[in-house]
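Structure record follows, encoded as structure tokens.
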Amino acid sequence: MSRYSVSERSFIVRTYYSNNNSPIVTQRKFATEFKLKTTGPSVSTINRLIQKFERTGSVCDDMFGNVGRPLSIKTPEKIERIRQVFERSPRTSIRKAAQQVGIKRESVRQIVVADLQLFPYKIQIHQRLSQRSVEQRLEFANTIVDMIYNHQFDVNMFWFSDEAHFHLDGYVNRQNWRIWGTENPHFAIEKSLYPRRMTVWCALSSRGIVGAIFFEQTVNSARYVETLRNQFIPAIQSEPDFESMWFMQDGATPHRTNEVFDLLEEHFKERIVALGYPKSKNMGIDWPPYSPDLNPCDSFLWGYIKDKVCARNPQSIEDLKTAIQAVIESIETSTLQRVMQNFALRLRHIIAIDGRHIEHVIN
């Protein structure tokens, strides 16, 4: 009966005695009361609860002292049953596996790790890196780390920017999803062909977040320039240390037009990290291609927002906008400061593994 709360057990006992000791009626009334699609607790479960109540006068679990319930004893039979559960469905959670086999959750965890030697693999999504891309990532990491060491660059003066799509038809939480197995299954998720979605742009630094700025149309160069000129730059230009701030953008095609680079040069001059900017303006630093693992918007912000927004279950685009903005406003400055320090750590990881992707190293 541990799956039912004390209030649910009390309801079962009351209903049983007030309906001529009928477990069938109790079962149906329970399903109606708690709005279940199934028929509620089984007849045998109801009978066991009634017997326990008549024996002890209580609907609570039998527990003695304050040391908690002991873990289930591991037996070859239990280990085999758990092995079969994960063979049938490697995406089964520890909690669901414990429910299926009737074993304490922590016992299942111990069996999975110690006896079956399974590991919880995360879904990883990254782009294939060419040798040139690896070299560019390594060069970028070395450049920024040297500038930090020589006090030419302060991560607290850096604004990262990015765009992301938010969908109404569901979101896969890759941070919490695990697939248990002895080898990485390289599992991928299929998404619907025509999802209802919108594009969100944000800029993040240790001092705050500018955005969310919403796009319901394709983000082209003209709309991007308008966003920078009318929303982002005015939001930070009044800061007394604006002349020391750096700005980063990725290499999306609408970001690499002459109009964009002219605007960035006007306000930031050489303090730009952007793919193609040094070639166009003969100053600034190239952002390495295929490097979302270095952008805090990708490594932190989008995943954090999507996890929180998904829990709110928005039903319309307007609900989605409201939820996104509420989550952004709830992020504390102390969190952003830790995120920016993590950027410097990621640079060192890049150097340590010669420019390759780092998500499998740091997660």
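The values are calculated or read from the model by the stated rules, or taken from the named source; none is laboratory data. These numbers come from a predicted model, not from an experiment. Every residue, glycine as well, gets a Cβ built from its backbone with ideal geometry; the counts of neighbours run over all protein chains shown. When the accessible area is computed, the model is the full protein with side chains, heavy atoms only, and any ligands, DNA or RNA have been set aside. Shrake-Rupley method; radii C 1.70, N 1.55, O 1.52, S 1.80 Å.
Tabulated data for the structure shown
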{"quantity": "Number of the exception - Leu204 against (1) assigned to a helix (DSSP H, G or I); (2) in contact with a strand residue (DSSP E or B) (Cβ under 8 Å, 6 or more places away or on another chain)", "calculated": "(1)"}
{"quantity": "Some residue of region 67-76 being surrounded by 15 or more Cβ atoms within 10 Å (Cβ to Cβ), at pLDDT below 85 and of a type in the set (Lys, Arg)", "calculated": "yes"}
{"quantity": "Number of the exception - Ser280 against (1) closer than 22 Å to Leu138 by Cβ; (2) assigned to a helix (DSSP H, G or I)", "calculated": "(1)"}
{"quantity": "Residue count, region 44-60 (criterion: among the hydrophobic types (A, V, I, L, M, F, W, C), open to solvent by less than 50 Å² (accessible area, probe 1.4 Å) and under 41 Å from the mean Cα position of the chain (by Cα))", "calculated": "3"}
{"quantity": "Counted residues, region 288-313 - those being open to solvent by 20 Å² or more (accessible area, probe 1.4 Å) and in contact (Cβ under 8 Å) with a residue 24 or more places away in the chain", "calculated": "11"}
{"quantity": "Selection count where residues are at pLDDT below 90 and within 20 Å of Tyr304 (Cα to Cα), scope region 197-223", "calculated": "3"}
{"quantity": "Of all residues making up region 261-277, the number that are in contact (Cβ under 8 Å) with a residue 24 or more places away in the chain and either open to solvent by less than 30 Å² (accessible area, probe 1.4 Å) or within 17 Å of Leu138 (Cα to Cα) (or both)", "calculated": "8"}
{"quantity": "From the options Ile285, Ile317, Ile324, Ile328, residue that is in contact (Cβ under 8 Å) with a residue 40 or more places away in the chain, aliphatic (A, V, I, L, M) and surrounded by fewer than 18 Cβ atoms within 10 Å (Cβ to Cβ)", "calculated": "Ile317"}
